[in-house]
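Since the structure comes first, as structure tokens, the remarks are kept for the end.
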Amino acid sequence: MTEAVIELEDVSLTLGQGASRVHVLRGISLAVARGEAVGIVGPSGSGKSTLLMVLAGLEGVDGGTVRIAGETLNGRSEDEIARFRGRNVGIVFQSFHLIPNMTALENVAVPLELAGVADAFAIAERELAAVGLGERIRHYPGQLSGGEQQRVAIARALAPTPSILIADEPTGNLDQATGRHIADLLFAKARERGMTLVLVTHDPALAARCQRQIAIRSGRIETPPMAVSA
């Protein structure tokens, strides 16, 4: 069997208190293989983005087991999970989340510096070149197009050489042509580096490019997830 790098067992998550209490995830069990590309689809409010946050260790769970890259995240401190995430999980958001008063180079390098990587700026420059921004490293986010900003965000996610790349609506703020180029880049980099790619999208064409689609509705997986392939 191919190694599973994401394993969720009967995961549940409830947010809010009293009358505002909402069951966001209900008994989610899921296995994703190393190198697999998986699309998470479903209506707004179904729990898709929350599921990604659980995979990234950005959201804790009430019940069940979360095992990522061979390590169980349940019961760990926020600092421990942050260090784990820095080594193992790259995240690309819909809204880029770049620091406006930092150059593209600095946006990619700073997380590496915070993690104690000695050659952070050399790695950042290499990653920006790899996403086609070798000539734009000194530009600030406000000087870049939306597609270029998302490329910076992808370079930042790739820089720590994670085993898992998570993308939440990565083309949602882009026009169709630019979104297609960004999708091409995500899939290409995941293949080149043997990373597992998990993305949330409302775009059926983007979801169809994944090896597998997982439909979420009302916090549950609608159809049984396929087993990790041999």
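The values are calculated or read from the model by the stated rules, or taken from the named source; none is laboratory data. Computed from a predicted structure; not experimentally measured. Each accessible area value is taken on the protein alone, full model and side chains, heavy atoms only, with ligands, DNA and RNA left out. Shrake-Rupley method; radii C 1.70, N 1.55, O 1.52, S 1.80 Å.
Using modelled amide H (1.01 Å from N, peptide plane; none on Pro or chain starts), what sits under 5 Å from the amide H of HIS139, excluding residues fewer than 5 places away?
Those lying under 5 Å, H to H, from HIS139 are ALA104, LEU105.
Please give the contour-minus-distance gain from PHE121 to ALA205: 0.36 nm per residue of separation, less the Cα-Cα distance, rounded to one decimal in nm.
Numbers: separation 84, 0.36 × 84 = 30.24 nm, distance 3.58 nm.
Once the chain is fully extended between PHE121 and ALA205, it gains 26.7 nm.
So if I average 1/r over every pair of distinct C-alpha atoms in segment 106-230 and take the inverse, what Kirkwood radius in Å does that give?
On the way: mean 1/r = 0.0630 Å⁻¹.
After inverting the pairwise mean of 1/r, the radius is 15.9 Å.
At what distance in angstrom do the alpha carbon centres of segment 36-104 and segment 156-215 lie from each other?
Result: 15 Å between the Cα centres.
Please give the length that would be gained between ARG180 and GLU222 if that part of the chain were fully extended, namely 0.36 nm times their separation in residues minus their C-alpha to C-alpha distance (nm, one decimal).
Numbers: separation 42, 0.36 × 42 = 15.12 nm, distance 2.74 nm.
Here the segment from ARG180 to GLU222 would lengthen by 12.4 nm.
For Cα pairs less than 8 Å apart in space and 6+ apart in sequence, what is the mean separation divided by the residue count of the chain, i.e. the relative contact order in percent? Before the final figure, lay out each step's value.
Numbers: 453 pairs, mean separation 69.8, N = 230.
It rounds to 30 percent for the chain.
With a 1.4 Å probe and every protein chain left in place, work out the accessible area per residue of segment 112-230 in Å², rounded to a whole number. Each step should come with its number before you reach the end.
Working: 5760 Å² over 119 residues.
Roughly 48 Å² per residue, with all protein chains present.
Using amide H atoms built in the peptide plane, which far-off residues or other-chain residues are under 5 Å from GLN213 H to H?
Amide H to amide H, under 5 Å and 5 or more residues apart or across chains, GLN213 pairs with GLY39.
I'd like the orientation of helix 176-193 relative to the chain: the angle between its Cα long axis and the longest Cα principal axis, in ° from 0 to 90, rounded to 10.
It works out to around 80 degrees.
Report, in degrees rounded to the nearest 10, the 0 to 90 angle that the Cα long axis of helix 120-130 makes with the longest principal axis of the chain.
On a 0 to 90 degree scale, this one is about 90.
Roll a 1.4 angstrom probe over the protein heavy atoms and tell me the percent of accessible area of the chain that is carbon or sulfur. Don't jump to the answer; show the numbers that get you there.
Values: 5300 of 10820 Å².
So the carbon and sulfur contribution to the accessible surface is 49 percent.
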